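Chemist: Quick one: the structure is below, questions incoming.
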Amino acid sequence: MSRAEALVRLAETFRRSGIDEADREALLILGAACRVSRATMISAPETALAEAVDRLENFAVRRAAGEPLSRIVGTREFWSLKLTIAPPALDPRRETETIVEAALATFRERRTDRLQILDLGVGSGALLCALLTEFVNARGTGVDICPSAAGVARENIEACGLTRRAEVRIGHWAEDIDGPFDLVVSNPPYVRTGDIASLPREVRDFDPRIALDGGPDGLDAYRSILPASVHLLGAGGWLMVEVGVGQAAEVLTIAANTGLISCATTKDLAGIERVVAARSPRLV
């Protein structure tokens with residue numbers, strides 16, 4: 001079978017399986033199975049699959065069942081970094097890069113400072129790796145309640161060459177963490193418990209529930225993270241957290257009620273208020 005023939009069959013299989021953008025997904029899966037670039041796929045469509053046949057069959061069955069390509073191949077690109085993705089950790093997505101963008105805008109005059117950064121719920125380490133890559137003299141601490149997820153973060157930190165500037169601890173949010181930090185970030189679980197069953201199967205069936213379930217109203221994690229941040233942030237330090245659709249106003253209220261100041265939001269590429277940022281009340 002040629003790549004072109006396989007592409008047609010894959011696309012049809014994915015359409016029957018309810019996969020959105022079936023043609024695009026077929027091209028991505030075929031490229032991953034053949035281990036060639038999209039350009040090579042397009043330029044040499046008549047090339048035989050050869051030894052890629054078994055791998056393609058495995059990938060196709062898994063993707064048709066809803067497993068994301070990133071889970072199948074075990075990697076995800078985040079902020080131009082190629083990161084390992086494993087079952088214990090949340091699969092980082094493009095909207096989470098909004099936190100990195102907000103941090104760069106806020107600390108644009110301090111790109112080379114020796115910042116102290118804390119990532120609560122570090123997961124795969126995507127945020128921490130991206131931030132330490134941009135802030136070249138910063139040091140980072142990641143915290144996760146799941147030892148296996150922490151292991152994924154450590155693997156990615158090492159792969160990015162950041163081991164000397166980062167550490168990962170096991171713990172529940174900010175318990176037993178001492179500041180001061182210049183920047184505290186988090187992409188916490190924020191899906192309402194009752195909404196998890198209606199999530200896309202790529203998320204519901206393959207992301208760890210602990211990284212999704214934000215409690216009855218989706219705000220449980222913020223009620224822990226925001227008050228703790230008041231004590232963790234140094235003078236003039238910033239907290240930046242990702243929020244779900246329609247949650248920004250409620251999280252802004254929690255931030256203001258804890259004493260944080262300069263509360264504001266940043267929108268993602270879809271125009272959704274995706275990040276809530278707030279500043280330490282201690283300015284000196």
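Chemist: Scan 236, 259, 214 and give me the residue that is within 30 Å of residue 19 (Cβ to Cβ) and small (Gly, Ala, Ser).
Modeler: Answer to the check: 214.
Chemist: Take the residues in the stretch 79-129 that are surrounded by 24 or more Cβ atoms within 10 Å (Cβ to Cβ) and on the phi > 0 side of the Ramachandran plot, then tell me which one is farthest from the chain's Cα centre (by Cα).
Modeler: Per the criteria, the residue is 121.
Chemist: Tell me whether the stretch 88-102 contains one or more residues that are touching a strand residue (DSSP E or B) at 6+ places or on another chain (Cβ under 7 Å) and among the hydrophobic types (A, V, I, L, M, F, W, C).
Modeler: Yes, the stretch 88-102 has at least one match.
Chemist: Is there any pair linking a residue in the stretch 9-20 that is closer than 12 Å to residue 63 by Cβ to one that is surrounded by fewer than 13 Cβ atoms within 10 Å (Cβ to Cβ), with Cβ under 8 Å and at least six apart or on different chains, and which?
Modeler: 17/65
Chemist: Turning to a different aspect of this structure: If you check 80, 70, which single one turns out to be of a type in the set (Gly, Ala, Ser), touching a strand residue (DSSP E or B) at 6+ places or on another chain (Cβ under 6 Å) and under 18 Å from residue 160 (Cβ atoms)?
Modeler: Working: 80 fails: touching a strand residue (DSSP E or B) at 6+ places or on another chain (Cβ under 6 Å).
Testing whether each residue is of a type in the set (Gly, Ala, Ser), touching a strand residue (DSSP E or B) at 6+ places or on another chain (Cβ under 6 Å) and under 18 Å from residue 160 (Cβ atoms) leaves just 70.
Chemist: Checking the condition at negative phi, buried (at least 21 other Cβ atoms within 10 Å of the Cβ) and aliphatic (A, V, I, L, M), which residue from 212, 199, 233 passes? Spell out the reasoning first.
Modeler: Working: 212 fails: buried (at least 21 other Cβ atoms within 10 Å of the Cβ); 199 fails: buried (at least 21 other Cβ atoms within 10 Å of the Cβ).
Sole residue among the options that is at negative phi, buried (at least 21 other Cβ atoms within 10 Å of the Cβ) and aliphatic (A, V, I, L, M): 233.
Chemist: Next up: Please enumerate the residues belonging to the stretch 216-244 that are closer than 15 Å to residue 277 by Cβ and not in a helix (DSSP H, G or I).
Modeler: Of everything in the stretch 216-244, those that are closer than 15 Å to residue 277 by Cβ and not in a helix (DSSP H, G or I) turn out to be 233, 236, 237, 238, 239, 240, 241, 242, 243.
Chemist: Looking at the stretch 226-238, which of its residues are touching a helix residue (DSSP H, G or I) at 6+ places or on another chain (Cβ under 9 Å) and aliphatic (A, V, I, L, M)?
Modeler: 226
Chemist: Do we find a residue being among the acidic types (Asp, Glu), buried (at least 19 other Cβ atoms within 10 Å of the Cβ) and either under 21 Å from residue 207 (Cβ atoms) or assigned by TED's automatic domain parsing to the domain that holds residue 158 (or both) anywhere in the stretch 70-78?
Modeler: No, there is no match, as no residue in the stretch 70-78 is among the acidic types (Asp, Glu), buried (at least 19 other Cβ atoms within 10 Å of the Cβ) and either under 21 Å from residue 207 (Cβ atoms) or assigned by TED's automatic domain parsing to the domain that holds residue 158 (or both).
Chemist: Next question, about the same structure. In the stretch 139-148, is there at least one residue being in contact with a Pro (Cβ under 7 Å, 6 or more places away or on another chain), among the hydrophobic types (A, V, I, L, M, F, W, C), farther than 21 Å from residue 80 by Cα and in contact (Cβ under 8 Å) with a residue 24 or more places away in the chain? It would help to see each step written out before you state the result.
Modeler: Filtering the stretch 139-148 down to residues in contact with a Pro (Cβ under 7 Å, 6 or more places away or on another chain) leaves 146, 148.
Filter once more, so that each one left must be among the hydrophobic types (A, V, I, L, M, F, W, C): 146.
After this cut, where a residue has to be farther than 21 Å from residue 80 by Cα as well, the list is 146.
Checking the rest, the ones that are also in contact (Cβ under 8 Å) with a residue 24 or more places away in the chain come to 146.
Within the stretch 139-148, one or more residues are in contact with a Pro (Cβ under 7 Å, 6 or more places away or on another chain), among the hydrophobic types (A, V, I, L, M, F, W, C), farther than 21 Å from residue 80 by Cα and in contact (Cβ under 8 Å) with a residue 24 or more places away in the chain.
Chemist: Among the numbered criteria (1) among the aliphatic types (A, V, I, L, M); (2) part of a loop (DSSP other than H, G, I, E, B); (3) under 22 Å from the mean Cα position of the chain (by Cα), which single criterion is violated by residue 283?
Modeler: (3)
Chemist: Suppose the filter is assigned to a loop (DSSP other than H, G, I, E, B), more than 19 Å from residue 274 (Cβ to Cβ), aliphatic (A, V, I, L, M) and modelled with pLDDT of 95 or more; does residue 136 pass it? Let's see the steps before the verdict.
Modeler: Details: assigned to a loop (DSSP other than H, G, I, E, B): yes; more than 19 Å from residue 274 (Cβ to Cβ): yes; aliphatic (A, V, I, L, M): yes; modelled with pLDDT of 95 or more: yes.
Answer is yes for this residue.
Chemist: Looking at (1) surrounded by fewer than 20 Cβ atoms within 10 Å (Cβ to Cβ); (2) in contact with an Asp or Glu (Cβ under 7 Å, 6 or more places away or on another chain); (3) free of Cβ contacts under 8 Å to residues at least 60 places away in the same chain, which is the one condition that is false for residue 39?
Modeler: Tallying (1) surrounded by fewer than 20 Cβ atoms within 10 Å (Cβ to Cβ); (2) in contact with an Asp or Glu (Cβ under 7 Å, 6 or more places away or on another chain); (3) free of Cβ contacts under 8 Å to residues at least 60 places away in the same chain, residue 39 fails exactly one: (2).
The values are calculated or read from the model by the stated rules, or taken from the named source; none is laboratory data. It should be emphasised that the depicted structure is a prediction, and the values quoted were computed from it without experimental measurement. Here the Cβ is made from the backbone with ideal geometry for all residues, glycine too, and neighbour counts use every protein chain on show.
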